[in-house]
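*Asks:* First the structure, then my questions, so here it is.
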């Protein structure tokens, strides 16, 4: 069958559509494969927006807010609107004790409001719920501070892994250069075969180290992806070319003022203060509950009617009011006494937790300050070591090419250079992490580049 002009037009449209679809698919694949470029500041912003621990604590705050609203409604009556129908057929006992055979019916249509409340609980429960809400909020702040530290540490470890990979790549390149040079000398009879073998061992060692640092890089990326709750296959590409040297503290701060600031500013301390206040309100409820009565109140209004048999008649308006005041003694009062003892023990426990937190804060501040001061002093030493190791390697390399030096000397210089570079990276990351931990130990959220 010969294709018509319309058939040829349809085929052309299909070809164009398929081409466009293929192009779109290629662009989507390329976009999916593109790495996510972030820096330390954007990583911290993403932590606030996407970290699951932060989101979980936000939900805990929402639940505590709802519990406070519920506690404030303990003294609000319950209202029921509807109709009640009662049909009785058979024997019934009168007040006098006489048994009668009765056939009757009644119906009530209207609304009732009832209130049964422990007054002491209605007074003190909202106060305790308010303190519990403050405690949950302080706990959420403490959790957020820790999450920001974890994200910053994870991101810096990622930068460290990438920097170490570059150092190892450069070291492997130098090892390859030396291995080829010593092998050529050995083949030409101008060098020892043992030197060539040692250089080959060094190259294999750095090849193994290269695999290790690449593994570390992938693990660091996976950790950041987990902390930021990103897509499982996303790749992260740091914007920073080098590890930033943070300057949050000078390193010469006095420890006593820092400890005082930390003790007064940590959200964990605020959390314990709120829990202590909540426990005090619960204890007041137990103590004053001896003297404050409970209240049971019921009021109903509507149309009521009835009669013998199944005929509802004589319907008219009806009001019912019932009020009771009562004192309740659980277990003859011993139950309430046991609860008071438990509340008092809870207060003492929170007091001990305060002391424990104080000791922990002192240790954190002193340790972080010592690390900050030490790492700060290590940085210029690390820079000097790298500078001198670089010079030593270059001099030994020139001597090898001039056939004046020993390959063993070049191997030692090459190892010293790589070790010095890796030590400087570790010192710089350690300096940043020490400052971050000190900053958080003082009760401050991490706000770098935000």
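Every read-out reported here was derived from the displayed coordinates using simple, explicitly stated rules and does not represent laboratory data. Quick caveat, the model's predicted, so the values are computed rather than measured. For neighbour counting, all protein chains shown are included, and Cβ atoms are generated from backbone atoms with ideal geometry for every residue, glycine included.
*Asks:* How would you rank 79-90, 416-427, highest first, on the average number of other Cβ atoms within 10 Å across their residues? Intermediate values should be presented prior to the final figure.
*Replies:* Working: 79-90: 11.0, 416-427: 20.0.
Result, highest mean first: 416-427, 79-90.
*Asks:* Grab the Cα-Cα distance for residue 360 and residue 62, subtract it from 0.36 nm times how many residues apart they are, and report the gain in nm with one decimal.
*Replies:* Length gained, residue 360 through residue 62: 104.4 nm.
*Asks:* Using C-alpha positions alone, give me the convex hull volume of segment 48-104 per residue in cubic angstrom. List each step's numbers first, then the result.
*Replies:* Details: hull volume 12.3 nm³, N = 57.
In segment 48-104, the Cα convex hull volume per residue is 216 Å³.
*Asks:* For segment 51-181, what is the relative contact order in percent, using Cα pairs closer than 8 Å and at least 6 residues apart in sequence?
*Replies:* 31 percent
*Asks:* Stokes-Einstein at 25 °C, 0.890 mPa s, Kirkwood radius from Cα pairs: D for segment 60-199 in µm² s⁻¹?
*Replies:* So the translational diffusion coefficient is about 99 µm²/s.
*Asks:* If you bin the C-alpha pair distances of the chain every 10 Å from 0, what whole percents do you get?
*Replies:* Per 10 Å bin, starting at 0, the Cα pair percentages come out as 4, 12, 14, 14, 13, 11, 10, 8, 7, 4, 2, 1, 1, 0.
*Asks:* Still on this structure: Between helix 193-228 and the chain, what is the angle of the helix's C-alpha long axis to the longest principal axis, kept within 0 to 90° and rounded to the nearest 10?
*Replies:* 20 degrees
*Asks:* Now for a separate question. What whole-number value in cubic angstrom gives the convex hull volume per residue for the C-alpha atoms of segment 264-304?
*Replies:* Working: hull volume 5.1 nm³, N = 41.
Output value, Cα hull per residue: 125 Å³.
*Asks:* I need to check one value: relative contact order of the chain, counting alpha carbon pairs closer than 8 Å and at least 6 residues apart, in percent.
*Replies:* Relative contact order comes out at 24 percent.
*Asks:* Quick check of the Kirkwood formula: for segment 305-450, what is the inverse mean of 1/r over all pairs of different Cα atoms, in Å?
*Replies:* So the Kirkwood estimate lands at 23.7 Å.
*Asks:* Extension gain residue 311-residue 409, at 0.36 nm per residue separation less the Cα-Cα distance, in nm?
*Replies:* Net length gain for the segment: 23.6 nm.
*Asks:* For the peptides 253-262, 213-222, 169-178, what is the packing order when you average, over each peptide's residues, the other Cβ atoms within 10 Å and list the highest mean first?
*Replies:* 169-178, 213-222, 253-262
*Asks:* Relative contact order of segment 262-370: what whole-number percent is it, with Cα pairs under 8 angstrom and at least 6 residues apart? Present the calculation step by step, with values, prior to reporting the outcome.
*Replies:* Details: 93 pairs, mean separation 35.5, N = 109.
RCO, segment 262-370: 33 percent.
*Asks:* If segment 314-368 were replaced by its equivalent ellipsoid, with semi-axes equal to the square roots of 5 times the Cα gyration tensor eigenvalues, what would those be, largest first, whole Å?
*Replies:* Semi-axis lengths for segment 314-368 are 54, 20, 6 Å.
*Asks:* What is the Cα coordinate range of segment 206-262 on the first, second and third principal axes, sorted by size from largest, in whole angstrom?
*Replies:* 47, 33, 19
*Asks:* Mind pulling the angle between the C-alpha long axis of helix 52-71 and the longest principal axis of the chain? Nearest 10 degrees, somewhere in 0 to 90.
*Replies:* Helix 52-71 sits at roughly 20 degrees to that axis.
*Asks:* Relative to the first principal axis of the alpha-carbon coordinates of the chain, what is the inclination of helix 40-50, with its axis defined by its Cα atoms, in degrees from 0 to 90 and to the nearest 10?
*Replies:* Roughly 30 degrees, rounded to the nearest 10.
*Asks:* Cα convex hull of segment 284-391: mean projected area in nm², to one decimal?
*Replies:* Here the figure is 19.5 nm², rounded to one decimal.
*Asks:* For segment 169-278, go through all pairs of different Cα atoms, get the mean of 1/r, take its inverse, and jot down that Kirkwood value in Å.
*Replies:* 20.0 Å
*Asks:* Can you tell me the FRET efficiency between residue 39 and residue 444 if r is taken as the Cβ-Cβ distance and R0 is 30 Å, rounded to the nearest 0.05?
*Replies:* Calculated value: 0.90.
*Asks:* OK, next. Mind checking the log10 I(q)/I(0) for segment 235-309 at q = 0.15 Å⁻¹? Debye, one equal scatterer per Cα, no solvent, two decimals.
*Replies:* The Cα Debye sum returns log10 ratios of -0.90.
*Asks:* Counting other beta carbons within 10 Å of each residue's own, what order do 229, 145 fall into, fewest first?
*Replies:* In increasing order of surrounding Cβ atoms, one gets 229, 145.
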